[in-house]
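The values are calculated or read from the model by the stated rules, or taken from the named source; none is laboratory data. Everything quoted here is computed from the prediction, not taken from an experiment. Because the Cβ atoms are built from the backbone with ideal geometry, glycine has one as well, and the counts that use them run over all protein chains shown. The accessibility values were calculated without ligands, DNA or RNA, using every heavy atom of the protein model including side chains. Shrake-Rupley method; radii C 1.70, N 1.55, O 1.52, S 1.80 Å.
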Amino acid sequence: MRHLKIASGLLAVVLAFSCQEQTKEQQGTNKQEIEFNYKVTEFADIGVLRYQIPGWEELNLQQQKLVYYLTQAGLSGRDITWDQNYRHNLAVRKGLEEIYTNYEGDKSTVEWKQFETYLNRLWFANGIHHHYSMDKMKPEFSKEYLTAISTDAGVQIPMEAVEVLFNDVDAKKVVLDKDKDIVLESAVNFYEPGITTAEAQLFYKTRVADKEKPVEIGLNSRLVRRNGQLMDDVYKSGGLYGEAIDQIIYWLQLAQGVAETTQQAKALGLLIEYYRTGSLDTWDEYAIAWSTSTDGAVDWINGFIEVYNDPIAYKGSYETIVQIKDFDMSRQMSVMSENAQWFEDNSPLMQEHKKEKVTGVSYKTVNVAGEAGDASPSTPIGVNLPNNTWIRTVHGSKSVSLGNIIAAYASDGGSGRLQEFAHDEKEIELEKKYGAKADKLHTALHEVVGHASGQINPGVGTPKETLGSYKSTIEEGRADLFGLYYLMDYKLEEVGLVKDWRNYGMAAYDGYIRNGLVSQLIRLEIGKDVEEAHMRNRQWVSAWVYEKGKQENVIEKVIKNGKTYYDIKDYDKLKILFGELLRETQRITSEGDFAAGQALVENYGVKVDQSIHQEVLDRNSKFKAPAYRGFVNPEIVPIIEENVITGFTVEQPATFAEQMLMYSKKYGFLDR
């Protein structure tokens, strides 16, 4: 259950307000980090960075082999993500890459530069739809120009794939508009064209078996129509995506052979069996084995996992992250896990919605060694898994913060966005002094106790069954609210996490409201509704507490020199409002109250004040830093002597294009 596509809780500021995070985290950066060249390239609204792998040299050869095999397994499924995102993506990518490689004409023209930019954008988004807004990215060059350079390069792209680049068909990857048929009109390739929302929901509603321990129905399949009947085309060896999955299995078998512990080996064996059979029962067995495998320096995330790209939240996107534990930071943050029951017991939730026992919540800071699929190039900074509610309740979960990814964001320079959007010098001072750690604390609270808290009433279905397309944003908002409630609490100081707890809480509240009502709008095109789940939850949380606190002036809307700000006047009353909204959001989840959930999101999280939106875009236009950032991966290269791996080197790619082309050549296992 991932925090955000890129960030969780207040660390969403890294995304919507990334350079601010970079400035405040530079304290403590060592000389080696300063000298490391993080920046790779910038294009359109994207910045591409590098990251280092702290702790790599401390691993022994067996552990390094494990990391290498796991990263190769992850990259072997890269094509799956492209095809899941849109049915024409692989054909488009293959054609454009061949043009890029083979074209020998004039590369100094405006059109060629536009072509390069467009290809870079596709690489970053894993397809022709923007990774965050979900809108189709149309080329600036003409169809005639593409036809001309295709001919010159001797490349043939299927006509349907060419046409879709320039027309208005499949305009949005994921449609969440309540007035539309969100499955039928979404371009994402989880459902065969022509299948409606009603058909898909009915199909899966009739397939839920075990009410106590339900599998994640539909997670690893594409819903298709065969001979007039709906059926799941399952991702497995010998099935859909089988060519890539066989390669994943090959590398996972090698990884199993060098596992650090018997529990790791057991988990990898179950993951292999899952890929062979496509069995969701085996996926649950794997998730239990993985959740309870907590020893060893190396860990991984691998599978069809997050459902954000599915408008009705059944289908999992392929992703992998390979991790090396940061033991020092993890020890510091384990206190959050140790106190998870206290947070649950003392929360404002209704008593019947509280868990009697919060089981096995673990939180660690890790360093990423490689990412693929939906986690790359745009990456999360925090992850909480597994997603299956009953497994989390009975067997616990793992929460991780991706430390070196956060450090890479932090080391890439600063900007004046904080000064532009903060209300006054006090707010700026609090953010600079306390904001970075407040963000980390919120991420930990969000992941460790937020997602782990609360329980569903007996007989009520899972949130994706009861809340439908609102499930993801309500769950993320619920976890955010849990963290926000406790960020203004002496308990954080009592357990030794911070000193001067109140200032950390004030900085966190300032940042969240500023982001939810103002600064995140830089990511949205003028005139558009908010559709991305995390942007929605930040807005509905912020807008709800602003409205409910108006009578007592808890948050004041201020206009200065034609600019809009939101100034918190009473932090203690704001905490009470966060608690009230948390209580209601948990009630909606526990009782499966679709009508209330829909009203909350639609009334507060979707529509944007267009005058404020235009103002924010105008104020932001003076900043050159890209709105979105992502990463190339370090390349772990084996040293082979007499057909035996004797060691590894870690090399950084020179360019974004170099890595993307290499990936397509080396891991292009699907032919579409």
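Among the residues of the range 404-421, just one is at pLDDT 90 or above and open to solvent by 20 Å² or more (accessible area, probe 1.4 Å), namely Gln419. Where helices (runs of 4 or more DSSP H) fall wholly inside the range 230-291, the ranges with 2 or more residues that are farther than 25 Å from Gly668 by Cα are 262-277, 280-291.
Taking every residue in the range 527-538 that is at negative phi and pairing it with any residue that is part of a loop (DSSP other than H, G, I, E, B) and open to solvent by 40 Å² or more (accessible area, probe 1.4 Å), at least 6 positions away or on another chain, the pairs with Cβ-Cβ distances below 7 Å are Asp529/Lys607; Ala533/Tyr308. Only one entry of Ala267, Ala259, Ala255, Ala287 meets the criterion of being open to solvent by less than 10 Å² (accessible area, probe 1.4 Å) and over 25 Å from the mean Cα position of the chain (by Cα), and that entry is Ala255.
Can you pull out the residues in the range 565-580 that are out of contact with any strand residue (DSSP E or B) (no Cβ under 7 Å at 6 or more places or on another chain) and without any contact (Cβ under 8 Å) to a residue 60 or more places away in the chain? Matches in the range 565-580: Asp570, Lys573, Ile576, Leu577. Note on the range 310-358: residues that are at pLDDT below 95, in contact with a strand residue (DSSP E or B) (Cβ under 6 Å, 6 or more places away or on another chain) and over 28 Å from Arg587 (Cα atoms) total 5. For the range 331-359, a tally of residues being part of a loop (DSSP other than H, G, I, E, B) and either touching a Cys at 6+ places or on another chain (Cβ under 7 Å) or not small (Gly, Ala, Ser) (or both) returns 11. Is it true that some residue in the range 560-579 is in contact with a Lys or Arg (Cβ under 6 Å, 6 or more places away or on another chain) and assigned to a helix (DSSP H, G or I)? So far as the range 560-579 goes, yes, one or more of its residues are in contact with a Lys or Arg (Cβ under 6 Å, 6 or more places away or on another chain) and assigned to a helix (DSSP H, G or I).
Among the candidates Val188, Val174, Val162, the residue that is open to solvent by less than 40 Å² (accessible area, probe 1.4 Å), modelled with pLDDT of 95 or more and part of a helix (DSSP H, G or I) is uniquely Val162.
Yes/no per residue for (1) small (Gly, Ala, Ser); (2) within 30 Å of Glu185 (Cα to Cα); (3) open to solvent by less than 30 Å² (accessible area, probe 1.4 Å); (4) in contact (Cβ under 8 Å) with a residue 60 or more places away in the chain:
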| position | (1), (2), (3), (4) |
| --- | --- |
| Glu57 | no, no, no, no |
| Tyr69 | no, no, yes, yes |
| Gln84 | no, yes, yes, yes |
| Lys94 | no, yes, no, yes |
| Tyr100 | no, no, no, yes |
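Remark: pairs (first residue in the range 488-505, under 18 Å from Tyr571 (Cα atoms); second residue loosely packed, with under 13 Cβ neighbours inside 10 Å and modelled with pLDDT of 95 or more; Cβ separation under 6 Å; 6+ apart in sequence or on different chains) = Trp501/Tyr490. Residues that are modelled with pLDDT under 90 and under 13 Å from Gly483 (Cα atoms) were ranked within the range 422-440; the one that is least open to solvent (accessible area, probe 1.4 Å) is Asp439.
Checking each residue in the range 479-500 for being of a type in the set (A, V, I, L, M) and not in a loop (DSSP other than H, G, I, E, B) picks out Ala479, Leu481, Leu484, Leu487, Leu492. If I ask for residues that are of a type outside the set (A, V, I, L, M) and surrounded by 16 or more Cβ atoms within 10 Å (Cβ to Cβ), which ones from the range 226-238 would you list? Matches in the range 226-238: Asp232, Tyr235, Lys236, Ser237. In the range 349-371, of all residues being touching an Asp or Glu at 6+ places or on another chain (Cβ under 7 Å) and not hydroxyl-bearing (Ser, Thr, Tyr), the one that is surrounded by the fewest Cβ atoms within 10 Å (Cβ to Cβ) corresponds to Lys355. Filtering the range 642-668 to residues that are of a type in the set (Val, Ile, Thr), closer than 28 Å to Leu61 by Cα and surrounded by 12 or more Cβ atoms within 10 Å (Cβ to Cβ) leaves Ile645, Val650. Picking from residues in the range 290-309 that are crowded, with 22+ Cβ neighbours inside 10 Å and of a type in the set (A, V, I, L, M), the one that is nearest to Leu61 (Cα to Cα) is Val298. One residue alone among Lys211, Lys205 is within 19 Å of Val307 (Cβ to Cβ) and open to solvent by 20 Å² or more (accessible area, probe 1.4 Å), and that residue is Lys205. Considered as a group, the residues in the range 570-607 that are of a type in the set (S, T, N, Q) and open to solvent by 40 Å² or more (accessible area, probe 1.4 Å) include one that is farthest from Trp540 (Cα to Cα), and that residue is Gln598. Contact map, the range 35-49: residues that are open to solvent by 40 Å² or more (accessible area, probe 1.4 Å) and part of a loop (DSSP other than H, G, I, E, B) paired with residues that are basic (Lys, Arg) and modelled with pLDDT of 95 or more, Cβ distance under 6 Å, separation 6+ or inter-chain. Pairs shown: Ala44/Arg121. Taken over the range 103-124, the residue count meeting the criterion of being under 14 Å from Ala657 (Cα atoms) and open to solvent by 10 Å² or more (accessible area, probe 1.4 Å) is 5.
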